[in-house]
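Here's the structure, in structure tokens; my notes come after.
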Amino acid sequence: HPARRAGQRPLFLMAVPIAGNQSVQESGLGGTAGGEARRRIANGYELLRAGRIADAAQLVDELLAARGDDSDVLLLGCEVRLAEDEAEAALALIDRALKLGPESADVLARKAYVLMALMRRSDAREIAARLAASAGDDARKVWNAGRIYSRCDDPQSAAELFEKARKLGATGPGLLYELASARFFLGQFEDAERDLEELLIQEPSNGQALYLRSTLRRQGAERNHVADLQARLKAGFRGPADAAGCMYALAKELEDLEQWAPSFNALRQGAALKRRTLGYDAASELAAIDGIGRAYTAEVIHANVPGRSHESPIFIVGLPRTGTTLVERILSRHSGAVPAGELPYFSGALATAVGRQMRASTGQDPVTASLGIDFAALGRAYLDGARQAVGNAPGRVVDKMPGNFMYCGLIRKTLPGARIIHLVRHPMDACYAIYKTLFQQAYYFSYDLDELADYYAAYHRLMQHWHAVMPGEVLDIAYEDLVGDTEQAARRVLDWCGLDWDPSVLDTTDDMRPATTASAAQVRQPVYRSSVGKWRHLRDQLAPLQARLAAAGIATD
């Protein structure tokens, strides 16, 4: 679901691949390995699936020593190096594979994902263009080129190629879902709904498609899918993830119809189903957030970093569903700013640097290890990736990854010229908005009210810490002010960023630029206040959440 793009690597605690959403699988791309070698290659992929990265790395080292000229060995090595967060090494292996024979479209596509892991989005787009130009009438190759564009946050190019692949004979739920998602980001909601209806004929129990269909528009009494969703639930689903998608869809449509209690009942069931599918350790994540605050004191943040960049990107941070996309849209209409979307680049570059530091100095925990990294190099890596993400367009890069709230102190230390805008919203409205959104592969804390309250409290503590140790470095913008007096809020934002006032930032007429977040439908509407205080319709159902927030010292009245 498009909402998964709202997520990021939540902390720099884990070194995991960031090459995209491609699955780890045996390549079958024509290597020369014999039976025993192929068995060991297959075992390497199994080790990766099981999360046994060290064992997979040892196996790859042995295979590379013995068969370093076999493309399948090299491709397994690429996957393992990505799992080790060594994307440069992965790129070297993929380039070796490409030199072994005629250029393979599959290997070239895999290189594009490695380039994305290296924050080289422009280079990945160039590969997508090459693949599209050479695909001819091969529907699968056209589709694969579109997928690269999609993961480069270029839904326009992606949608064109998905549609072309469809006309060339490609079919199936996967293509239809990706086409509908691209159209969702482009604001082509009626076309997206038609794609999803066709998908659901082929695969009636696809929970992601059901949820996306419900989010495309506000459902009305004369046009909704409530009866359809209830019938599908009665018929049953193949697994909890699909059932959860249907429950979230039903909750959303019932809320649109202002059937508050039935909506929340469906939401609670869907959230419980989704939570059961996750291997999430809430305590570790909360401890890490608190650990960041303890480690990054005022002295640490303001210590001189030789060679650091004074460029001035704009970071929009906070929790999801708090107005970050609306602020980005305001800035994106200014000639002095260029939107980059939700970049996982700061946390990604940080994770890579921390991983290397931990391997060089064993025995350190990740937060402690982060104190020893090269912050100037971190800033350069981030800026290089951010510039590629916007195609080197002129203007201040605007990065609206909400989870960068965790790194405000590190951003200040690394990029002292950056401007940080923090969106705040009434705690109960914020938590309810998060709870009712199906994020798929992000924000795992959002599927249990206790975990959601605890995460909100940790976020609140950390933001209080950043304000205390670097006063005047973060601008708070309240969601309620943003929707209540948009012009005044916009003036504050532009002034904070050093941009001259331009009334066109308020003009939503014909603003059809892609919005590659879960808010793609909402941001295309005129600014509305109807979400302010919405939690009060469910005061009784949300009472446990409110009590837990109050116990953490957070005012919720």
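The values are calculated or read from the model by the stated rules, or taken from the named source; none is laboratory data. What you are looking at is a predicted structure, and each value in this text was computed from that prediction instead of being measured. Don't worry about glycine lacking a Cβ; one is built from the backbone with ideal geometry, like all the others, and counts go over all protein chains shown. To get the accessible areas, we keep the full protein, side chains included, count just its heavy atoms, and leave off ligands, DNA and RNA. Shrake-Rupley method; radii C 1.70, N 1.55, O 1.52, S 1.80 Å.
Ranked by the mean number of other Cβ atoms within 10 Å of their residues, highest first, the peptides 312-325, 207-220, 543-556, 444-457 fall in the order 312-325, 207-220, 444-457, 543-556. The simple Förster model, with R0 at 22 Å and r as the Cβ-Cβ distance, assigns Q464 and H310 a FRET efficiency of 0.20. What the Cβ-Cβ distance of A54 and A393 gives, at R0 = 45 Å and to the nearest 0.05, is a FRET efficiency of 0.60.
Residue by residue, region 275-282 carries 3J(HN,Hα) couplings of 4, 5, 8, 9, x, 10, 9, 5 Hz when phi is fed to the Karplus relation 6.51 cos²θ - 1.76 cosθ + 1.60 (θ = phi - 60°); x denotes Gly or Pro. Say a paramagnetic label sat at a point 7 Å from the Cα of E46, along Cα to Cβ; which residues of region 55-84 have their backbone N under 14 Å from it? It comes to 56, nothing else.
With all protein chains in place and a 1.4 Å probe, the accessible surface of region 286-376 carries 54 percent carbon and sulfur. Counting only protein heavy atoms and a 1.4 Å probe, region 264-414 has 34 square angstrom of accessible area per residue. Distant-in-sequence amide contacts of V338, defined by a placed amide H-H separation under 5 Å and a gap of 5 or more residues or a different chain, comprise R396, V397, V398. Contact order, relative form, for the chain: 17 percent (alpha carbon pairs under 8 Å, 6 or more residues apart, mean separation divided by residue count). Positive-end ranking of V317, Q202, L91 along the dipole of the chain, with charges on Cβ about the Cα centre, is headed by Q202. Label-to-label distance for D450 and R238 is 3.4 nm, based on points extended 7 Å past Cα in the beta-carbon direction.
Here the gap between E190 and A227, fully extended at 0.36 nm per residue and compared with their Cα-Cα distance, gives a gain of 11.3 nm. In region 34-188, taking the dipole from charged Cβ atoms about the Cα centre, the farthest positive-side position among N43, G101, L175 is held by L175. Within the shell of other residues whose beta carbon sits under 14 angstrom from the beta carbon of W260, the net charge comes to +1, with Lys and Arg scored +1 and Asp and Glu -1. Here's how it looks for I316: its modeled amide H is under 5 Å from those of D399, K400, M401, I421, which are all 5 or more places away or on a different chain. Ordered by 1.4 Å accessible area with all protein chains kept, E198, E203 run largest first as E198, E203. Grab the beta carbon distance between A303 and D384, set R0 = 25 Å, and tell me the FRET efficiency rounded to 0.05. It comes to 0.60. On full extension, the segment bounded by Y280 and W260 gains 4.3 nm, given 0.36 nm per residue less the C-alpha separation.
In whole Å, what is the distance between the alpha-carbon centres of region 173-189 and region 457-479? So the two Cα centres are separated by 37 Å. For the listed residue pairs K234/K534; K436/K534; K234/K274; K111/K400, the alpha carbons are over 20 angstrom apart in K234/K534; K111/K400.
Each residue of region 84-100 is assigned a 3J(HN,Hα), and the resulting list reads 7, 6, 10, 5, 4, 5, 4, 4, 4, 5, 5, 5, 4, 5, 5, 7, 6 Hz, derived from the Karplus form 6.51 cos²θ - 1.76 cosθ + 1.60 (θ = phi - 60°), x at Gly and Pro.
Backbone amide hydrogens, once placed in the peptide plane, bring A478 within less than 5 Å of V424, excluding anything fewer than 5 places away on its chain. From its DSSP helices (H runs of at least four residues, each -39,500 (n - 2.57)), the chain gives a residue-normalised ellipticity at 222 nm of -17500 deg cm²/dmol.
Other residues whose C-beta falls under 14 angstrom from the C-beta of R81 contribute a net charge of -2, scoring Lys and Arg +1 and Asp and Glu -1.
Applying 0.36 nm per residue to the separation of E203 and R39 and subtracting their alpha-carbon distance, the gain on full extension is 55.6 nm.
Each residue of region 165-170 is assigned a 3J(HN,Hα), and the resulting list reads 4, 5, 5, 7, x, 5 Hz, derived from the Karplus form 6.51 cos²θ - 1.76 cosθ + 1.60 (θ = phi - 60°), x at Gly and Pro. Solvent exposure of H426, expressed as accessible area, is near 40 Å², computed with a probe of 1.4 Å over the protein chains only. Note on K99: aspartates and glutamates with a C-alpha under 15 Å away, same-chain residues under 8 apart excluded, are D69, D70, D72.
Quote the Stokes-Einstein diffusion coefficient, in whole µm² s⁻¹, for region 404-497, based on the Kirkwood radius over alpha carbon pairs, a temperature of 4 °C and a viscosity of 1.567 mPa s. Kindly include the intermediate steps, with their values, before the conclusion.
Values: Rh = 14.8 Å.
Estimated diffusion coefficient is 88 µm²/s.
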